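Have a look at the structure below before the remarks.
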Amino acid sequence: MRLVISRLLFIGMLISFILIVTGGLLYLSQHSNDLVDYQHVHKQAILLSSLTTVLSGAIALSPISIIQLGLVVLFFIQILRIILMAWFFAKEKSLLFCGMSLFILFIILTTPFWHV
Amino acid sequence: MTLLIFFSLLFCISYIAGILGALTGLGGGIVLTPILVTLLHIDIYYAMGASLIAVMTASSGTSIAYLNKGYTNLRIGLFLETGAVIGALIGASLITMLKPNIITGIFGMVLLVSAYLTWYRREDQEPATLSHPWAIAMQLEGKYPLPISGMQSYKVQKVPLAWVIMFIAGILSSLLGIGSGALKVLAMDQAMRLPYKVATATSNFIIGITAAVSVGIYFARGYIDPVLTCSVMSGVLLGSVTGAKMLHRIDTQILRLIFSIVIILLAIQMIYQGLLGKLSM
């Protein structure tokens, strides 16, 4: 089990890293002399945060969207490793741990949709 | 400063944070957020978002090596993680209720506690000889590889206490945008009496999951800035992979001392800024 998860993490991180670095370098090449101001949250940032926006932006080769796609991959790796654990524990007939995995999975997948 | 300089600076800081995080079982987020806020004057919500990404990165990166080597105890990790996840949910709903300078102040105090805990871990403790009944029932005991050859088995104690500690760690993780690795390591190291490497590896494994719980909410609120996270993620990934490979060779006493000192300095800064309300919006 641990070796499969390890392999998943490796491949996933590689993809995520490539996406993020590519997007980052593209962005840097266009904006390297901009002055930075991160002292306050930019209001328009919230508009960029839906999955469909990210995907269509990435296809259009927008650097920001490529980076965001990399972040989405990073997030999904976490989900995938929990699914893997649920699967392996089910095969081992360890229902308690399979249940724990599924519980955590449920929480992670549903929280972005809860209105807090 | 220009984006290029900012980016490079952030990358280097993240790289170091990644190495330190990998070697101590902390996510590196606990060091990253204060530095971003106090040295680079980044808004605390952006800093927390970036640090959550860093934690997920460090967690995944280090786990590649630790899973391969066999230090991680998946059952203990999963069990404790349920506590942390529930805590993280509660923490996330508290974020909007507390003002930034209060969050900063809490953060500073958590840093001080982390510094103390990091220093307090002793490798020369007698290994536990008996396991808690729950540990036996859930088959939490395990083995880890010794440096030269063979496997060393270990016992697991105080299971319920460890779970409660993890619950609190989860709340803090969500509230402060950290992996709260320090508390997790405490739960495993001091309560359960796991060997150092097992606790470090297992903690590194689960902190990414805890961070993932909060990340969804942060992303929807626009706290995750792509440019910031880009430099942070790449730095932390390279740093944490480097750190994970170094674990068996480094003299951890020295490392813990350095780490504790750094954390104490940052803690003082954070508490000071929190008290003065400098970060109030």
*asked:* As a test of reading the structure, rank A:69, B:228, A:102 by solvent-accessible area (1.4 Å probe, protein chains only), most first.
replied: A:102, A:69, B:228
*Can you pull the accessible area of residue B:75 for me, 1.4 Å probe, Å² to the nearest 10?*
40
_Probe radius 1.4 Å, ligands and nucleic acids left out: which of A:87, B:163, B:134 has the largest accessible area, and how do the rest follow?_
A:87, B:134, B:163
*With every protein chain left in place, what is the accessible area of residue B:143 in Å² (1.4 Å probe, nearest 10)?*
120
_Computed FRET value (nearest 0.05) for residue B:97 with residue B:164, which takes r as the C-beta separation and R₀ as 22 Å_ = 0.45
_Largest to smallest accessible area among B:12, B:230 [probe 1.4 Å]_ = B:12, B:230
*asked:* Take the residue pairs B:155/B:184; A:93/B:245; A:93/B:143; A:91/B:197; A:93/B:197; B:99/B:197 and return only those whose Cα atoms are more than 26 Å apart.
replied: A:93/B:245; A:91/B:197; A:93/B:197; B:99/B:197
*asked:* Once ligands and nucleic acids are excluded and a 1.4 Å probe is used, how much of residue B:246 is accessible, expressed in Å² to the nearest 10?
replied: 50
*Chains A and B, summed buried accessible surface - 1.4 Å probe, Å², nearest 100*: 5100
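The values are calculated or read from the model by the stated rules, or taken from the named source; none is laboratory data. These numbers were taken from a predicted model, which means no experiment stands behind them. Cβ coordinates were reconstructed from backbone atoms using ideal geometry, including for glycine residues, and neighbour counts include every protein chain displayed. Remember, those area values only see protein heavy atoms, side chains included, never the ligands or the DNA or RNA. Shrake-Rupley method; radii C 1.70, N 1.55, O 1.52, S 1.80 Å.
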